[in-house]
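Undergrad: Right, I'll just put the structure down here and ask away after.
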Amino acid sequence: MEEAKEEEVSSSAVGLSLCDSVPLLWRMEDIKKFRSMGLVGSLVGALPRAPRQNGRMGRPLLLLPEEERLLSEKQAAAALPVANQRAEGVEELRQKVEQYEAHLQQSYEEQSALALEDRKAAMLRAMTSSNTHTQSSEDAWKHRLETLDQNFSFPQSAMAVQLSTARAGLTYYPQDRAFLQADWPTRQRDGPRCDARYRVFRDLKGRGFYLTSAGKFGGDFLVYPGDPLRFHAHFIAVCLDLEESMCLLDVLAVARLGSNVKKTVLLCSSVKDGTVVYTSLQWSGMA
Amino acid sequence: MGFSAEGKRYLLPEEALYLMECGSLQVFYEDLALSIQDAYEIFLSSETVSLHQYQVFGHLKRLGYVVHRFDPSSLPSRYAQQLNLPQSGKNAGNQLKRKHDVSLTSTSAPSLSKTLVPTTDTMSADEHMKDESVDESVAMTSSESTADESSTTDSAVMVEPRKWWTSDIIEDKGSNHRNCSRSGWDFSSILFPDLGSKENLSGSLASPDPSLLPGALAVGVCDVASWRSKINQRKVKGSPEHRRRGVDNQRQGWHGKKDEEVQSCKNWTEFNDLMARHQHRRQDEQAEHLWNREVTPLHDPSQPLPTRELLDICSVIKPTCLLEGASRLKPAHEWRISFVVYQPDTASEFKKSKPRKPYTHVCVCGFDGPVPELQTVKLLTSQSGDVPVVFAVVDHGDVSFYTMKDFELPTDVFL
């Protein structure tokens, strides 16, 4: 029972790691959980299968400050401690090193077995595909197969080593994560502007939209009607204070921008009672 | 990548992290391999390389550029630029032409310009014009009203290093001036004969005053009858209508007493004054109400003003160029150039000991942060020498590149 409950609790928490005072998500389960909550974030690392391109990025996942705040409000964020190997005892360190080396050795043996299989299969193919089927050539092939078994050596330098993206550690056990749940430090990002943005974010999220950052479009958020991988953004949300007066040139600029990229511009302001009012700008002709 | 120190090869943290992400490097700490998460948390911090800077670094490296950390001491100082030491690469060939490569923003120049204004003459101004076309790293002050000042500034600065050949010229001119003042010619008393006047002069000119002639020159009487016959002394005939009206076109509106006023003028000065007075009278009648209120016109059209100055009065924004006044700015800590980027196509030929001219300098900032002010932009541009500065703005994983360029609004001035 308790295990089930702990698993439930742990399954609702997303583990965040701080890097240069910026929260990042590293593990696949965390990212999946995050996405299932309707939050998108942005990937900023290199994709392991195609590291030298900027089109598709890989882990870690970077969070918007509003997403982070939403997580902490829902009590779904867990701070993972920084791995501090020096804090551990020498004994534990030695154990870890032994484990790592044992793992390497096991991987080496597996790989060398696989390499041998590969070589044999290649030889068999070469044997069967060759045209001459004289007895002497078949004997030669058999002899080569036998020597292969004895003389084959898989060099250590040819071994493929896995470089893990996320850190493996004890903190991924459910009980530790549950313990850390209440401990998420909210970053010092208070200010009327941040509050306004957060309220708009929360309101739009509540209506089922997906939101990402829109710095390149001159706004605060890009609003998608569904998952960003499946839809184009419909709105560019610009967060303003209700009392704030906006220069007409700025309104013109943002309207122009929106019409050029075929998105509707939403001017969003949060009212004192907690709701948010929206004004949409669309470029229309004189007719 | 990396550097060597004490016989060992070292890698900078951002380079190590990039190679790890590419899968080319494994980093061990205390006999355990670091995961990429560990590497991010250990290598990236605000003291060494921030996450924003690493994102820009990684982005550029993945595109193929060669990216190094910026070292301010690697740029030649202003003094070294003035000396024009032979630099590697393309500048070595142009050494002869670049004799006058002096940065135009040296602060000592304005003080010198005051003393040298009287002796500024056409000769040095001409040379200055010629040099500017050759000079590549020029910061032309675009405000036209200070064009004169800048030319004197330039000549002032250039006099310093080029003393031995400009001083001759200045001395010659000075000696000329001195000669003239010594003899004290009074041009108002020397009368030049008017050969074209209608009054009948004698057909010959008397010999001039011997004191006006140089040396022992003796000039006799000059027969000018043949010259005078060549001068067209025919009266100019206007169009038939013109002749019919019997008045000049210009004097159409002038009847009655104005005609008498004109006739009472004895010379051109008085005539100009009369015209000016009439202009004023007419204008004042028409537009007096404009000058009575709080907001007055910028300029009274009756006052003569060169077109350049008029355009300056009308301008809303004071133009400035990026390098103007940059040497006086104090360096700020938060805005600094992070990386120097070299073109990717020379990666195979790239040598760390003798790098090519850099492509750009990159300054990293975030989208949430403030937009750089003009002061900051000026400071960074002056710090980076003649290499353009690019602002890499990071917005949650997206990197955008912006650059500020000098732009001069065209002013059509036909003199």
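Rule-based calculations on the coordinates, nothing more; no lab input. Given the structure is predicted, the values throughout are model-derived calculations rather than measurements. Every residue, glycine among them, receives a Cβ derived from its backbone with ideal geometry; neighbour counts consider all protein chains shown.
Undergrad: Given points 7 Å out from each Cα along the Cα-Cβ axis, report the A:R35 to A:Y278 separation in nanometres with one decimal.
TA: Placing both labels 7 Å beyond Cα along the Cβ direction yields 2.5 nm.
Undergrad: Please work out the Kirkwood hydrodynamic radius for the stretch B:8-49, using every pair of different C-alpha atoms, and report it in angstroms with one decimal place.
TA: 10.6 Å
Undergrad: Between B:A206 and B:F28, what length comes free when the chain is fully extended (0.36 nm per residue of separation minus the Cα-Cα distance, one decimal in nm)?
TA: Stretched out fully, the B:A206 to B:F28 stretch lengthens by 53.3 nm.
Undergrad: Could you list B:C22, B:C363 so that the one with the fewest beta carbons within 10 Å of its beta carbon is first and the one with the most is last?
TA: Fewest-to-most ranking of B:C22, B:C363: B:C22, B:C363.
Undergrad: Oh, and also: From the P(r) of the stretch A:203-280, could you give the percentage of C-alpha pairs in the tail past 19 Å?
TA: More than 19 Å apart: 34 percent of the Cα pairs in the stretch A:203-280.
Undergrad: To continue, here is another question. Can you give the local net charge around A:F209? Use residues other than it whose beta-carbon is closer than 14 angstrom to its beta-carbon, Lys and Arg +1, Asp and Glu -1.
TA: 0
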